[in-house]
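Beneath this line is the structure, given in structure tokens, with notes to follow.
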Amino acid sequence: MSISETANPRGSVVDRLRDALPKLVLSPTVAIVAIFVYGFIFFTLYLSFTDSRILPSFGWVGWKNFENLFRIRAWDTAVWNLVIFGSLYIVVCCVLGLLLAILLDQRIRAEGFIRTIYLYPMALSFIVTGVAWKWFLDPGIGIEAVVQGWGWTSFEFNWIKDREMAIYTIVIAAVWQTSGFVMAMFLAGLRGIDSEMMKAAQIDGASTFALYRRIVIPQLRPAFMSAFVVLAHMAIKSYDLVIALTGGGPGTATELPATFMYSYTFTRNQMGIGAASAVIMLMTIAAIIVPYLWSELREKK
Amino acid sequence: MGFLDIKQATKSYGALQVLQETDISVEEGEFLVLVGPSGCGKSTLLNMIAGLEDITSGEIAIRGKSMNGVKPADRNIAMVFQSYALYPNMTVRGNISFGMEMHGIQKQEREKRIDQVSDLLQISHLLDRKPGQLSGGQRQRVAMGRALVREPDVFLFDEPLSNLDAKLRVDMRTEIKKLHQKLGTTIVYVTHDQIEALTLSTRIAVMFGGYVQQLGTPKEIYDNPANMFVAGFMGSPSMNLFPAKVVSGDGKPAAEIKLADGKTAAVPFAKDALASSIGRDIILGIRPEAITDKDGADRNSQAVHIVEAPVEVTEPAGSDTFVVSQIGGKDVTGRFRADVAVNAGDVFPFAFNMEKAVAFDPKTENRIA
Amino acid sequence: MSTAAKSSSFSAGRIILYILLLLFCIYYLLPLYVMVVNSLKPLSEITAGGMMALPRDWTAAPWFSAWSTAQVGVEATGLRPYFLNSIIMVVPAVALSTLVGALNGYVLTKWAFKGSTILFGLLLFGCFIPFQMVLIPMARMLGLMGLAGSVPGLIFVHFVYGIGFSTLYFRNYYAAFPTELVRAAQIDGAGFFRIFWRILLPSSGPIAVVCIIWQFTNIWNDFLFGASFSDFDSQPMTVALNNLVQSSTGVKEYNVHFAGAIMAALPTLLVYIVAGRYFVRGLMAGSVKG
């Protein structure tokens, strides 16, 4: 590194090492990603075409696992549950998040404090959220028992034990956990809108409602995009919350693809089918994430 | 062979060639300014000298030693950046000392040099502050101090004044010039400001589109621009360029120009260079200070000619009044004395000092006379 | 504008607004309230339908039980050993992934090379894949590495899948860091590591905090990897809490469950309360912008 090195002939080993240093530093990460992300993806992809059961095995069975998968009732339930849960979760989170953000954007006193309260569930583990709501919604001791104790003896709220309704309790708990975060995203979007434009619209005579509907909300498109991507990918990956809240039950009423994959792979010893279900999950997420990442990274360039 | 030699250097990014083959030889103690609009390749060339960018082909040598492949730290150069690039987490002292530290200079020697340089630049009282606590002008001084302590062979300046306000920029310009005269160091300086180029340099390279358009002393560049680009780029307000035709008047070549009121006028050239080009279309170039009111014309000139032309706009600028007329469909600006009574709409005598006129080929845009 | 705001601050609209905000506060705080009050009362008060009421008989016994004596899985150890597992797991995983992320971000922005954006895109995609996709091969791999069912195995897994996000944070932060500073340091004679160490790192405080908080929260709260790759004695807190709550033997000790849930939530909640600003910034950076 001293000046005397100036005279060194170019292209020496030290020099070449120095030039390659940045790539060298990056290479462990590249290796890790190549093996533990993409290698593993291909491994699982491969397994989904094999007759693996308790352990990976390499007998090629073609599309049989996928055919079987779609014949399994539990998978059917899981996919439908995901559709119900995912769409409700995304819509309710967005509506609630946007509402809260707009309410908080009205020059509120103690805004920081209120924001903190709305957002804290995001710091919790889904397991904790699941435990809290599990007992809170439990008819024996939770809200139903409490209201009945207050004198309204005919009050019923036993969704968590109801095959038809149990999936909605997952939505309730998930929305509780995430909506504050969506609010924060929208609030950041709102704060990014040029205040002079708001003034101009007020001078143009727009009512508060028209102001938000015509001027503000259309400009929140990027925030909606981000919220959608984040929520959709969280919905597809949802696992912990179901395990803690309902354990997939009653019966298989709240099974989601993530829990299905886990139980078929590790407890029912149908690894090939488990792998096939994971592949379907990956494809679904990729369909959402890849275009998003593509547009984000392109824009940057 | 000069002190800093740029030999047939080029730079491309993939298929895009941003610097065409360039040859510049800089003598020791010279102040070379690379000037041009953004994207002309001047900063690329500077970064190539610094070693921050590779040379695609050709060679750059300092003191006769090829610098190709030598890393920036080992070229014995110092650089002042546009944003000053002061390390935010270090004090001024730390900033100035860092480079010496990296080059293994003893602490005692470092202290001595810091003292000298901070005296020279009058920043001694700032040494223990962080860059965030300094004004723009102070940061500028620290950045120069950081370069100076290295006692490099070549100083590189990358638009160092462009982040300062107008007043401070003029002051710092003078100071850089003083510093150069005092220390006699070799400097390569990049700017897009042609006034900086003219005031500071001993030589200027005007660049555009990856080519060096003209390399010369400030006077050569200003008086004899090699082509229409250089003519238009250097000088403010810029040189008037308008179409004319070479005609023969009294046995001498003259430029026939078309005035706004439809009349034509023939102004004889001071030189005979275009005698063989009668009938040829040209672009005539005359700087605003060579188009004056009658009494303001250069008394030493042998070739002042009066043209009566309609005045379109007058722009009083305090010390002078700029008077605009249309010639050959182009706005042509003259620089009149401030107290000349001239108004828009008047037909007024304009005095053309043809000694300062140049002519360009309309197709190649190169100067022909 | 200001006069309009003043006159409206006492209007009916404003009152409704504040009532709405208050109702939502109650909605978000209710589960926390339920957890806290029920962790401090005897079981009989809960089963008698008194979940919403304050304890009549204040007691810390559920907390002691959850911490050191409750039945978790097969053993009556309380949650303490698992809490320690989580800490032993989180600290090195966070430190390693943050450090590697910082170096990656530095290379990707200041030493960018052909294809580095694509590389970053591939890295980022790794953050979003459903981890179900890697469970099977990872279980095998940990076996091959001799790390199956151990805390070091979990550290490794969290480190590997934490790199993506930490790289994202540092890359976006360093992208805004003036490249001229790096060039100045190069001319001053500083090498690759020295520039990182002396120039970039001292200015990286804010993003390091964001990254550490994000990784800490994520790894502490993880359940899937913990459930898949740990043995009884290497389970992290979340898995142990779930076992405590789901154990089907004996009476359901709701008060103990709530105490345990609070214990599992406490570290991340604490981080959120102390460094909320950075926490939010971490969430946002993780969701928007590539």
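Values in this text are rule-based calculations from the coordinates and carry no lab data. None of the values given here were measured: they were computed from a predicted structure. Counting neighbours? That spans all protein chains shown, and the Cβs are built from the backbone with ideal geometry, glycine included.
With an 8 Å Cα cut-off and a minimum separation of 6 or more residues, compute the relative contact order for the range A:186-257 in percent. Write down the numbers at each step before the final one.
Values: 27 pairs, mean separation 18.0, N = 72.
Across the range A:186-257, relative contact order equals 25 percent.
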Practice task
Rank these for me by crowding, A:Thr246, B:Thr199, going from fewest to most other beta carbons within 10 Å.
Solution key: B:Thr199, A:Thr246
Handout entry: Percent of C-alpha pairs per 10 Å bin, the range B:266-322, short to long
Key = 16, 46, 30, 9, 1
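Cβ neighbours within 10 Å, averaged per peptide: list C:115-122, B:251-258 in order, most packed at the top.
On the way: C:115-122: 16.1, B:251-258: 18.8.
For the peptides C:115-122, B:251-258, the packing ranking is B:251-258, C:115-122.
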Exercise for the section: Report, to the nearest 10°, how far helix C:151-175 tilts away from the longest principal axis of the Cα atoms in chain C, using its own Cα long axis and a range of 0 to 90°. Expected result: 50 degrees
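What does the average come to when, for each residue of peptide B:88-101, you count the partner chain Cβ atoms lying within 10 Å of its Cβ?
Values: counts 6, 8, 3, 0, 0, 0, 1, 2, 0, 1, 8, 6, 2, 5.
Whole-number average of other-chain Cβ neighbours for B:88-101 is 3.
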Exercise for the section: In whole angstrom, note down how far apart the Cα centers of the range C:73-91 and the range A:72-95 are. Expected result: 34 Å
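Give me the percent relative contact order of the range A:72-299, please, defined on Cα pairs under 8 angstrom at least 6 residues apart.
After rounding, I find 29 percent.
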Practice task
Just tell me which aspartates and glutamates come within less than 12 Å, Cα to Cα, of B:Lys252; anything on the same chain fewer than 8 places away is out.
Solution key: B:Asp272
Practice task
Enumerate the amide H contacts of B:Thr186 below 5 Å, restricted to partners 5 or more residues apart or on another chain; note that Pro and chain-start residues carry no placed amide H.
Solution key: B:Gly29, B:Phe155
Practice task
Sticking with the crude label model, points 7 Å out along Cα→Cβ, report the distance from B:Leu120 to A:Val30 in nm, one decimal please.
Solution key: 4.4 nm
Exercise for the section: Grab the beta carbon distance between C:Leu266 and A:Gln106, set R0 = 25 Å, and tell me the FRET efficiency rounded to 0.05. Expected result: 0.15
Completion exercise
Between the alpha carbon centres of the range B:82-133 and the range A:142-164 the gap in Å comes to 74 Å
Practice task
Any chance you could give the angle, 0 to 90 degrees and rounded to 10, that helix C:276-287 forms with the longest Cα principal axis of chain C?
Solution key: 60 degrees
Completion exercise
For the table B:Lys42/B:Lys258; B:Lys167/B:Lys219; A:Lys23/B:Lys7; B:Lys258/B:Lys356; B:Lys7/B:Lys356; B:Lys42/B:Lys330, the rows whose alpha-carbon distance is greater than 27 Å are B:Lys42/B:Lys258; A:Lys23/B:Lys7; B:Lys7/B:Lys356; B:Lys42/B:Lys330
Exercise for the section: Can you pull the one-decimal nm distance between simple spin-label points at B:Glu355 and B:Asn343, each 7 Å off the Cα toward Cβ? Expected result: 3.5 nm
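Calculate, in nm to one decimal, what B:Ile368 and B:Arg129 gain on full extension: separation in residues at 0.36 nm each, minus their alpha carbon distance.
Working: separation 239, 0.36 × 239 = 86.04 nm, distance 5.71 nm.
Once the chain is fully extended between B:Ile368 and B:Arg129, it gains 80.3 nm.
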Practice task
Excluding residues on the same chain fewer than 8 positions from B:Lys130, give the aspartates and glutamates whose Cα lies under 17 Å from its Cα.
Solution key: none
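Under 15 Å from the Cβ of B:Leu179, count the other residues' Cβ atoms, weight Lys and Arg +1, Asp and Glu -1, and hand me the total. Let's see the in-between values first.
Values: positive: B:Arg141, B:Arg146, B:Arg150, B:Arg173, B:Lys177, B:Lys178, B:Lys182; negative: B:Glu30, B:Asp119, B:Glu151, B:Asp171, B:Glu175, B:Glu196.
Residues near B:Leu179 contribute +1 overall.
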Exercise for the section: From zero up to wherever the largest Cα-Cα distance of the protein assembly as shown sits, split into 20 Å bins and tell me the percent of pairs in each. Expected result: 11, 31, 28, 20, 9, 2, 0
Practice task
Of the DSSP beta bridges with both residues in the protein assembly as shown, give the percent that are antiparallel, rounding to the nearest 5.
Solution key: 75 percent
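Need one word for the range C:1-160: rounded, prolate or oblate. Basis is the Cα gyration tensor (sqrt eigenvalues a ≥ b ≥ c); a/c below 1.5 gives rounded, then a/b vs b/c decides.
oblate
Is the C-alpha gyration tensor of the range A:72-299 telling us rounded, prolate or oblate? Criteria: a/c under 1.5 is rounded; beyond that, a/b larger than b/c is prolate, otherwise oblate. Walk me through the numbers before you get to the answer.
Values: a/c = 2.66, a/b = 1.38, b/c = 1.93.
Verdict is oblate for the range A:72-299.
For the range A:233-301, what's the relative contact order in percent, using C-alpha pairs closer than 8 Å and at least 6 residues apart? Show your work: numbers first, answer last.
Working: 49 pairs, mean separation 17.4, N = 69.
Computed over the range A:233-301, the figure is 25 percent.
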Practice task
Working from Cα positions, state the angle (0 to 90°, nearest 10) between the long axis of helix C:237-246 and the longest principal axis of chain C.
Solution key: 30 degrees
Exercise for the section: Pull up the cross-link candidates among the lysines for A:Lys237, meaning alpha carbon to alpha carbon under 26 Å and not fewer than 8 places away within one chain. Expected result: A:Lys64, A:Lys134, A:Lys161, C:Lys289
Exercise for the section: Would you calculate the separation in nanometres between label points at B:Glu109 and A:Thr153, each defined as 7 Å from the Cα along the Cα-to-beta-carbon direction? Expected result: 9.8 nm
Problem - Global geometry of chain C, whether rounded, prolate or oblate, following the gyration tensor of its Cα atoms and the 1.5 cut on a/c - result: oblate
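Using only DSSP helix segments of four residues or longer, with each worth -39500 (n - 2.57), what per-residue ellipticity at 222 nm results for chain A after dividing by its residue count and rounding to 500?
On the way: 13 runs with 187 residues, N = 301.
-20000 deg cm²/dmol, from helical runs alone.
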Fill in the blank from the handout: Here the range C:195-202 yields Karplus 3J(HN,Hα) values (6.51, -1.76, 1.60; θ = phi - 60°; whole Hz; Gly and Pro given as x) of 4, 4, 6, 8, 9, 7, 4, x
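Given a Förster distance of 41 Å, report the FRET efficiency between C:Ile88 and C:Ile26 from their Cβ-Cβ distance, rounded to the nearest 0.05. Numbers along the way, then the final one.
Working: r = 38 Å, r/R0 = 0.93.
The pair C:Ile88/C:Ile26 has a calculated efficiency of 0.60.
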